[in-house]
Structures are given as structure tokens and as C-alpha cells.
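What follows is one structure encoded as C-alpha cells, with my remarks underneath.
The values are calculated or read from the model by the stated rules, or taken from the named source; none is laboratory data. It should be emphasised that the depicted structure is a prediction, and the values quoted were computed from it without experimental measurement. Here the Cβ positions follow ideal geometry from the backbone for every residue, glycine too, while neighbour counts run over all protein chains shown. For the accessible areas, the whole protein counts, side chains as well, though only heavy atoms, and no ligand, DNA or RNA atoms are used. Shrake-Rupley method; radii C 1.70, N 1.55, O 1.52, S 1.80 Å.
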Amino acid sequence: KDITTLLKNPQALQETIDRLNTYATEQEVDVIVGVESRGFILGMPMAYHLGYGFVPVRKPDKLPAEKISESYDLEYGSATLEMHLNAISPGQKIVIVDDLLATGGTVKATADLCRKQGADILGCAFLVELSFLNGRQVLGDTPVFCPLQVDGE
């Protein structure tokens with residue numbers, strides 16, 4: 001699923017960020033955590049507009065300082081994500097942001113990284129959810145906000 005047509009439309013982009021911001025504000029968040037790379041596109045304007053901090057979660061060997069990592073399974077192999085060590089202080093309230101919730105593996109790995117640092121995960125926010133892939137189940141009781149659901153392929 002491609003969000004670039006939405007991103008180039010100023011009104012659609014503003015509406016998207018506004019909806020995500022409303023969700024984050026209701027959660028009383030301290031930090032937005034964005035997953036590479038489209039989570040950066042959505043999460044950075046959120047953090048800026050709301051006056052929150054922003055923490056990037058990246059693919060291996062992209063972050064310059066000491067980091068922690070989490071590996072997870074994909075349909076055909078595995079992947080790893082990294083976050084700077086001490087990027088989140090214990091007890092900080094966070095929302096994880098990405099463009100798409102599919103099988104949930106990427107966001108679960110991100111949540112696990114955040115929990116390793118003592119974060120209080122208040123929820124996850126996505127633009128699109130492929131609900132037929134059951135990604136919400138992987139997140140357990142972590143709340144999910146997603147304004148667009150796709151029920152079939």
C-alpha cells in the first residue's frame with residue numbers, strides 16, 4: 001500500500017497529521033517513536049506540532065551512538081531494528097507511529113525495544129491497517145489507532 005499520493009496532497013496530509021495529533025494529545029504522550037522510514041514522515045510533524053520529543057527506530061547500523069536491537073521474523077526471513085540506548089527514559093509515555101499495520105512484526109519489535117528502556121506504551125498509531133493480516137493480535141492489549149482499515153487484499 002502506497003501513501004505517497006496522500007503525502008503530496010496538502011489537505012489530505014494536514015488531515016492525517018491532525019487526526020494522529022488528536023490521538024497522541026488524548027494519550028498525554030511525552031515522546032513519539034517513529035519507525036523507519038515512513039514513521040519518520042508522520043511522526044516528526046506530530047512531535048514538532050505537539051512539542052513532544054521524537055525517537056527514531058532504524059534498520060541496523062544507521063544510528064551513530066550506542067544502541068539496542070530487536071530481531072523479528074518476517075514471512076521470508078528475519079529483520080532487526082535498533083534504537084539508541086537511553087533514547088527513552090523509564091516511565092516516559094510514548095506512542096509508536098508508522099504508516100501501515102500489517103502482520104504486526106515491525107511494531108511489536110519496536111514496542112519491545114521501547115519496553116527494554118522502561119517506556120510506558122500508551123498506544124500505536126498508523127495511517128492504514130490491513131486488518132485481514134491480524135496485526136492487532138500481535139500487539140496484545142496495546143491500543144491501536146488507525147483511521148483507515150483495509151479488510152481484503
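Only one entry of ASP120, ASP98 meets the criterion of being acidic (Asp, Glu) and surrounded by fewer than 21 Cβ atoms within 10 Å (Cβ to Cβ), and that entry is ASP120. Every residue in segment 1-21 that is hydroxyl-bearing (Ser, Thr, Tyr), loosely packed, with under 11 Cβ neighbours inside 10 Å and either under 17 Å from the mean Cα position of the chain (by Cα) or within 21 Å of ALA119 (Cα to Cα) (or both), please. Listed by number, the list is empty, since nothing qualifies. Residues in segment 30-41 that are within 14 Å of THR106 (Cβ to Cβ) and either buried (at least 24 other Cβ atoms within 10 Å of the Cβ) or hydrophobic (A, V, I, L, M, F, W, C) (or both): VAL33, GLY34, VAL35, GLY39, PHE40. The listed residues are TYR72, TYR76, and the only one of them that is of a type in the set (Phe, Trp, Tyr) and surrounded by fewer than 18 Cβ atoms within 10 Å (Cβ to Cβ) turns out to be TYR76.
Yes or no: segment 125-142 includes at least one residue that is open to solvent by 50 Å² or more (accessible area, probe 1.4 Å), among the acidic types (Asp, Glu) and part of a strand (DSSP E or B). No, segment 125-142 has no match at all.
Failed condition for VAL57, given (1) in a loop (DSSP other than H, G, I, E, B); (2) surrounded by 18 or more Cβ atoms within 10 Å (Cβ to Cβ), with all others met? Looking at each condition in turn, VAL57 falls short on (1).
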